[in-house]
Amino acid sequence: MGWFTTKCPVNDETREWINGAFQWLIDELGIDILQQSEVILPTEEYFPDAYDGSRVSVRKMVDRVCGYMDVDPNMVELRFVESDERSRLHPLAADGSLERHELGSYQMRRDGKYAISLNMDQTSNPEMLVATIAHELGHVILLGEGRLDPDHPDHEPITDLLAVFYGLGIFNANTTIIFEQWTNSQYQGWQVGGSGYLSEEMFGYALALFAVIRNEQKPEWAQHLNTNVRSFFKSSLKYILSTGSPFEQEPPRPSEFND
């Protein structure tokens with residue numbers, strides 16, 4: 001009757017895109033990385049360095065994430081960006097919301113090294129900062145190492161999936177949506193921002209794929225996901241387990257990735 005059919009939180013087109021992107025990453029980087037990478041948690045065990053939001057502590061965090069993603073930290077120049085104070089103090093919409101500022105950027109240097117820039121506004125939220133660092137280091141792996149054309153229209157969401165691939169998906173998934181209220185002497189309002197290019201539903205499905213490929217049906221790390229993402233993860237996991245892993249057959253292959 002279909003009353004109790006497990007529903008996937010993403011539509012068919014999105015599901016096939018994620019499946020294909022995962023298969024492409026497996027082909028490019030090898031399935032061993034996905035299966036053997038340790039899942040990085042937002043705990044002191046994985047980030048034991050003292051953190052106070054200073055540039056020194058941010059650099060230590062970058063070096064640690066480099067280690068988790070197999071990127072040589074000596075090849076990464078870190079630059080710091082301060083947001084325009086005026087744009088943060090003045091609302092841009094009648095409902096009191098603010099524009100979303102760029103949290104990070106990546107650039108290939110002429111000497112072959114890589115420069116990543118981090119917006120210092122996010123340093124009060126270490127989880128978001130880790131997500132941004134993971135995303136920018138993903139650019140190093142995919143763009144800097146020549147695996148993906150920077151003009152490809154999907155290179156940003158594929159880079160978000162790479163964080164999942166390397167075991168850092170919890171951070172990116174949890175900071176997809178951030179709600180903040182703010183006030184000053186002249187204005188009061190709110191903003192909805194976050195890091196990343198995938199929705200919470202997409203991260204939930206991607207993390208479920210990650211778990212299935214690793215033969216994890218009840219991973220303990222899932223308890224670190226926020227409420228929304230954890231719900232999407234659980235429903236995605238049930239869907240995949242009930243329908244079969246997409247990698248048991250020939251998965252969708254987005255051949256345009258290498259165009």
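Here, each number is a calculation from the coordinates, and none is a lab measurement. These numbers come from a predicted model, not from an experiment. Here Cβ is always computed from backbone atoms with ideal geometry, including for glycine, and neighbour counts include all displayed protein chains.
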Fill in: Length gained when the stretch T43-I31 is fully extended (0.36 nm per residue, less Cα-Cα span)
1.7 nm
Discussion item. Under the 0.36 nm per residue contour assumption, what length would be gained going from the current alpha-carbon distance of S124 and D12 to full extension?
Written reply: 36.6 nm
Fill in: Area projected by the alpha carbon convex hull of the stretch 109-165, averaged over all directions, nm²
4.5 nm²
Item to complete: Mind giving me the nanometre distance, one decimal, between the label points for K238 and D63, set 7 Å out from Cα along Cα→Cβ?
Response: 4.6 nm
